[in-house]
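Novice: The structure's right below; bear with me while I get my questions together.
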Amino acid sequence: FLETAAYFCMKPKMGEKEVSPHSFFSIWHEFSSDFKDFWKKENKLILQERVKEAEEVCRQKKGKSLYNIRPKHDSGIVSE
């Protein structure tokens, strides 16, 4: 534990000789919960962008018709 606290440059509070697990993990818990919240928000934004891109691709494909419709020419009794 002390090696991990030293790796993250944790210093003991005033009046303490060593970093206590409680102080280390309270800070770590705040960090991890903030990171999780930002991660969820970022993933949500990325998903929304991908949905918009997919909708745009669908609109473009629907705009291009795969077949041509020719106008109907009057013929027969109706044309007379």
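Novice: So, of the residues in the range 9-23 that are open to solvent by less than 90 Å² (accessible area, probe 1.4 Å) and aliphatic (A, V, I, L, M), which turns out to be nearest to the chain's Cα centre (by Cα)?
Specialist: Only one residue fits best here, namely M10.
Novice: Continuing with this model, one more query. For Q60, all conditions in the list (1) surrounded by 10 or more Cβ atoms within 10 Å (Cβ to Cβ); (2) modelled with pLDDT under 85; (3) of a type outside the set (G, A, S); (4) under 34 Å from the mean Cα position of the chain (by Cα) hold save one; what is the number of the exception?
Specialist: It fails just one condition, (1).
Novice: Does S26 satisfy being over 18 Å from the mean Cα position of the chain (by Cα), in a helix (DSSP H, G or I) and among the polar types (S, T, N, Q)?
Specialist: Here the answer is yes, as S26 does meet what is asked.
Novice: Across the range 24-41, which residue is nearest to L2 (Cα to Cα) among those that are open to solvent by less than 100 Å² (accessible area, probe 1.4 Å) and among the acidic types (D, E)? Quick ask: steps written out before the conclusion?
Specialist: Initial filter on the range 24-41 (open to solvent by less than 100 Å² (accessible area, probe 1.4 Å)): 24, 26-27, 32-34, 37.
Now narrow it down to the ones that are among the acidic types (D, E): 34, 37.
Values: D34: 24, D37: 28 Å.
If we take residues in the range 24-41 being open to solvent by less than 100 Å² (accessible area, probe 1.4 Å) and among the acidic types (D, E), then D34 is nearest to L2 (Cα to Cα).
Novice: Might you let me know whether the range 1-16 holds any residue that is modelled with pLDDT under 85 and basic (K, R)?
Specialist: Yes, because at least one residue in the range 1-16 is modelled with pLDDT under 85 and basic (K, R).
The values are calculated or read from the model by the stated rules, or taken from the named source; none is laboratory data. Worth saying up front: this structure is predicted, and the values here are computed from it rather than measured. Glycine gets a Cβ as well: all are built from the backbone with ideal geometry, and neighbour counts include every protein chain shown. Heavy atoms of the whole protein, side chains included, go into the accessibility calculation; ligands, DNA and RNA do not. Shrake-Rupley method; radii C 1.70, N 1.55, O 1.52, S 1.80 Å.
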